[in-house]
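**Q** The structure under discussion is supplied below as structure tokens; questions concerning it will follow.
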Amino acid sequence: MTSSQQRAELQRRIWQIANDVRGAVDGWDFKQYVLGTLFYRFISENFAAYIEGGDDSINYAQLPDSVITAEIKDDAIKTKGYFIYPSQLFAKVAATANINESLNTDLATIFAAIESSANGYPSERDIKGLFADFDTTSNRLGNTVKDKNLRLAAVLKGVAELNFADFEGSNIDLFGDAYEFLISNYAANAGKSGGEFFTPQHVSKLIAQLAMHKQTSVNKIYDPACGSGSLLLQAKKHFDAHIIEDGFFGQEINHTTYNLARMNMFLHNINYDKFNVQLGNTLIEPHFGDDKPFDAIVSNPPYSVKWIGSDDPTLINDDRFAPAGVLAPKSKADFAFVLHALSYLSAKGRAAIVCFPGIFYRGGAEQKIRQYLVDNNYVETVISLAPNLFFGTTIAVNILVLSKHKTDTTTQFIDASGLFKKETNNNVLLDAHIEQIMAVFDNKANVDHFAQSIPFEQVAANDYNLSVSSHIDAKDNREVVDIAQLNAELKTTVVRIDQLRKDIDAIVAEIEGEELEA
């Protein structure tokens, strides 16, 4: 069996666990238990491997808790960010889960202990609340303790049986891949409620490449609306890990999704000191002001959500929004996210942001913000994508690429709406499609019906309309008709019809003459 086949089998089994054990629990809610258990197993095995240090004579799971000294614990927390006693390891708990009548409360105690182990250490903020959504006492698991324990034991058993060791040297990445597989499948099956926090891998790959294009190194990468962290992790997945020097930064407003993002970082082997994910509303409570500027920014912010806007008179003086001289409309915060990203962007970096198409052609405040962006030469490229690429929406979105180091004043437009492969539920971008987009993004060549670089004066004269369709003529796929040939054929047809009518009239006259003679 090839590695890809093994990976597919692993993913199939993970999804089967989720389906088999959820019972009456809603699938979207129950994802927390499957994902949380997968995370619990990962940090247990990762921590045990750290303690054992490659020494085959040491089996951390078999050691008594009493041999752990304060020095060992202190050193481990400073390095890993948390501590797990041997008795608290996933393997130990899973081995007796079926006969443990207090499984649900034992798990709650263990999770609380793992989180509290970081109290007072630099990692406290990154560890606190990681298991908050893994509520082992919730009635969603069952009405009785027995029901809860049966379902929890089934999840533990199913995750324990997953074989990550089939891929030598890749077990850590496999945990992350399995986790991402589960998230994406739940997002696909949950409609808007799931898709809003997860950017499909194929789109994430394009966005990461746009933001990091031709940068041999970046200081750090940032997503102001990071969801489950999928965009940030694509940057790690498709580029050498050392290219991102100071780590991964993100902010997320939804508490559950914020926890998913932090778990996702650990599962992709990003240590607590290499990521910083914060909870809160980016537009009115932004973090990382002291960490900016960022050399790479990626984002898929929520489309056209409401925000406080002009109802807060202080925002027009905010360093992020003041330069544009106007705030994004209260009913459409899209450009608020764009201006926020721009203010956090370094002089050498790029921001690649997924945007709702309407912001590129509507009037009012949005037109004024577009004028500010174009007049200051911040808009490098606008790319229109195919419809139905994202979970929960069929909208054909755009990608806005911002840069503070453009060498000319043209704005590039790319019509990639025809680049997709149709699958059962959603369209997808293939690697060949991404390569085609990146090639023309790089060379800025003009390609009929696909890519055009438009001079500043032309964009300004067009009311700063940045809609791709306003600058690129769609290819006419209608059949070319030769009018002269068509007219000739019509004349021939008319002559033929006239002749047929004469022949019919002659036959009718002949028949009528025969009837009179009779």
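**Q** For residues that are in a helix (DSSP H, G or I) and closer than 18 Å to residue 370 by Cα, scanning just the range 443-464, find the one that is most open to solvent (accessible area, probe 1.4 Å). So that I can check it myself, show each step before the final result.
**A** Filtering the range 443-464 for residues in a helix (DSSP H, G or I) gives 443, 456-461.
In the following step, the residues that additionally are closer than 18 Å to residue 370 by Cα were identified as 456-461.
On the way: 456: 58, 457: 121, 458: 99, 459: 0, 460: 26, 461: 84 Å².
Going through the qualifying residues, I end up with 457.
**Q** Report whether or not residue 30 is modelled with pLDDT of 95 or more and touching a Lys or Arg at 6+ places or on another chain (Cβ under 9 Å). It would help to see each step written out before you state the result.
**A** Numbers: modelled with pLDDT of 95 or more: no; touching a Lys or Arg at 6+ places or on another chain (Cβ under 9 Å): yes.
No.
**Q** Mind checking which residues of the range 69-100 are under 39 Å from the mean Cα position of the chain (by Cα), open to solvent by 30 Å² or more (accessible area, probe 1.4 Å), within 22 Å of residue 154 (Cα to Cα) and of a type in the set (Val, Ile, Thr)?
**A** 96
**Q** Return a yes/no flag: does the range 284-297 have any residue that is farther than 22 Å from residue 207 by Cα, among the hydrophobic types (A, V, I, L, M, F, W, C) and in contact with an Asp or Glu (Cβ under 8 Å, 6 or more places away or on another chain).
**A** For the range 284-297, residues farther than 22 Å from residue 207 by Cα, among the hydrophobic types (A, V, I, L, M, F, W, C) and in contact with an Asp or Glu (Cβ under 8 Å, 6 or more places away or on another chain): present.
**Q** OK, next. Could you please find all residues in the range 414-432 being more than 13 Å from residue 384 (Cα to Cα) and not hydrophobic (A, V, I, L, M, F, W, C)?
**A** Result: 421, 422, 423, 424, 425, 426, 427, 431.
**Q** How many residues are at pLDDT 85 or above, assigned to a helix (DSSP H, G or I), open to solvent by 20 Å² or more (accessible area, probe 1.4 Å) and among the charged types (D, E, K, R) if we restrict to the range 237-278?
**A** Selection size over the range 237-278: 2.
**Q** Let me ask something additional. Check the range 378-390 and report whether any residue there is open to solvent by less than 10 Å² (accessible area, probe 1.4 Å), polar (S, T, N, Q) and in contact with a helix residue (DSSP H, G or I) (Cβ under 7 Å, 6 or more places away or on another chain).
**A** Yes, because at least one residue in the range 378-390 is open to solvent by less than 10 Å² (accessible area, probe 1.4 Å), polar (S, T, N, Q) and in contact with a helix residue (DSSP H, G or I) (Cβ under 7 Å, 6 or more places away or on another chain).
**Q** Do you know which of the residues in the range 224-260 that are in contact (Cβ under 8 Å) with a residue 60 or more places away in the chain and more than 11 Å from the chain's Cα centre (by Cα) is farthest from residue 131 (Cα to Cα)?
**A** In this case the residue turns out to be 235.
**Q** Pick from 437, 399, 414: which is over 23 Å from residue 362 (Cα atoms) and surrounded by 21 or more Cβ atoms within 10 Å (Cβ to Cβ)? Quick ask: steps written out before the conclusion?
**A** Numbers: 399 fails: over 23 Å from residue 362 (Cα atoms); 414 fails: over 23 Å from residue 362 (Cα atoms).
Going through 437, 399, 414 in turn, just one is over 23 Å from residue 362 (Cα atoms) and surrounded by 21 or more Cβ atoms within 10 Å (Cβ to Cβ): 437.
**Q** Can you confirm whether the range 63-78 contains a residue that is touching an Asp or Glu at 6+ places or on another chain (Cβ under 7 Å) and of a type in the set (A, V, I, L, M)? Before the answer, list the steps.
**A** Here is the first cut: in the range 63-78, the residues touching an Asp or Glu at 6+ places or on another chain (Cβ under 7 Å) are none.
So far as the range 63-78 goes, no, none of its residues is touching an Asp or Glu at 6+ places or on another chain (Cβ under 7 Å) and of a type in the set (A, V, I, L, M).
**Q** Hey, another quick one. For the range 367-376, does any single residue satisfy the condition of being in contact (Cβ under 8 Å) with a residue 24 or more places away in the chain, polar (S, T, N, Q) and open to solvent by less than 30 Å² (accessible area, probe 1.4 Å)?
**A** No: zero hits.
**Q** Hey, any hits in the range 166-182 for a residue that's modelled with pLDDT of 60 or more, open to solvent by less than 10 Å² (accessible area, probe 1.4 Å) and of a type in the set (Ser, Thr, Tyr)?
**A** Within the range 166-182 (the criterion being modelled with pLDDT of 60 or more, open to solvent by less than 10 Å² (accessible area, probe 1.4 Å) and of a type in the set (Ser, Thr, Tyr)), the answer is yes, since at least one residue qualifies.
**Q** Can you tell which of 44, 57, 66 is of a type in the set (Ser, Thr, Tyr) and open to solvent by less than 30 Å² (accessible area, probe 1.4 Å)? Even if it seems obvious, please write down each step before you answer.
**A** Numbers: 57 fails: open to solvent by less than 30 Å² (accessible area, probe 1.4 Å); 66 fails: open to solvent by less than 30 Å² (accessible area, probe 1.4 Å).
44 is the lone residue from the list that is of a type in the set (Ser, Thr, Tyr) and open to solvent by less than 30 Å² (accessible area, probe 1.4 Å).
**Q** Mind listing whichever residues of the range 465-509 are farther than 30 Å from residue 359 by Cβ, open to solvent by 100 Å² or more (accessible area, probe 1.4 Å) and at pLDDT below 75?
**A** 478, 479, 480
**Q** Which members of the range 422-468 meet the condition of being of a type outside the set (A, V, I, L, M, F, W, C) and in contact with a Pro (Cβ under 9 Å, 6 or more places away or on another chain)? Step through it out loud before you land on a result.
**A** Our first condition is that a residue be of a type outside the set (A, V, I, L, M, F, W, C); within the range 422-468, this holds for 422-427, 431, 433, 435-436, 442-444, 446, 448-449, 452-453, 455, 457-458, 462-465, 467.
Hits for the range 422-468 are 426, 427, 467.
**Q** Identify all residues within the range 411-434 that are outside any helix (DSSP H, G or I) and hydrophobic (A, V, I, L, M, F, W, C); write none if there are none. Don't jump to the end; show me each part of the working.
**A** First pass over the range 411-434, keeping only residues outside any helix (DSSP H, G or I): 411-430.
413, 414, 416, 419, 420, 428, 429, 430, listed by residue number.
**Q** How about the range 128-150: which of its residues are open to solvent by 60 Å² or more (accessible area, probe 1.4 Å) and in a helix (DSSP H, G or I)?
**A** Residues satisfying the conditions are 139, 140, 145, 146, 147, 150.
**Q** Mind listing just one residue for me: the one in the range 323-350 that is closer than 17 Å to residue 303 by Cα and of a type in the set (Gly, Ala, Ser) and, of those, surrounded by the fewest Cβ atoms within 10 Å (Cβ to Cβ)?
**A** Step one: filter the range 323-350 for residues closer than 17 Å to residue 303 by Cα, giving 327-341.
Within this subset, residues satisfying the condition of being of a type in the set (Gly, Ala, Ser) are 328, 331, 333, 336, 341.
Numbers: 328: 26, 331: 10, 333: 23, 336: 27, 341: 25.
My answer is 331.
**Q** Assess whether residue 15 counts as being modelled with pLDDT of 70 or more, open to solvent by 20 Å² or more (accessible area, probe 1.4 Å) and not acidic (Asp, Glu). Walk me through it before giving the result.
**A** Working: modelled with pLDDT of 70 or more: yes; open to solvent by 20 Å² or more (accessible area, probe 1.4 Å): yes; not acidic (Asp, Glu): yes.
Yes: the conditions hold for residue 15.
**Q** Is it fair to say residue 362 is of a type in the set (D, E, K, R), closer than 18 Å to residue 337 by Cα and open to solvent by 20 Å² or more (accessible area, probe 1.4 Å)?
**A** On the way: of a type in the set (D, E, K, R): yes; closer than 18 Å to residue 337 by Cα: yes; open to solvent by 20 Å² or more (accessible area, probe 1.4 Å): yes.
So residue 362 passes the test.
**Q** Follow-up. Would you check if residue 125 is open to solvent by 60 Å² or more (accessible area, probe 1.4 Å), closer than 23 Å to residue 248 by Cα and part of a helix (DSSP H, G or I)?
**A** Working: open to solvent by 60 Å² or more (accessible area, probe 1.4 Å): yes; closer than 23 Å to residue 248 by Cα: yes; part of a helix (DSSP H, G or I): yes.
Answer is yes for this residue.
**Q** Consider only pairs whose beta carbons are under 6 Å apart and that are at least six residues apart or on different chains; among these, list those whose first residue lies in the range 94-113 and is under 17 Å from residue 38 (Cα atoms) and touching a residue at least 40 places away in the same chain (Cβ under 8 Å) and whose second residue is assigned to a loop (DSSP other than H, G, I, E, B) and of a type in the set (S, T, N, Q).
**A** Sorted first by the residue in the range 94-113, then by its partner, the pairs are 104/136; 104/137; 107/136.
The values are calculated or read from the model by the stated rules, or taken from the named source; none is laboratory data. Because the structure is a prediction, the values reported are computed rather than measured. A quick note on method: Cβ atoms are made from the backbone with ideal geometry, for glycine too, and the neighbour counts reach across all protein chains shown. What goes into the accessible areas is simple: the full protein's heavy atoms, side chains included, and nothing from ligands, DNA or RNA. Shrake-Rupley method; radii C 1.70, N 1.55, O 1.52, S 1.80 Å.
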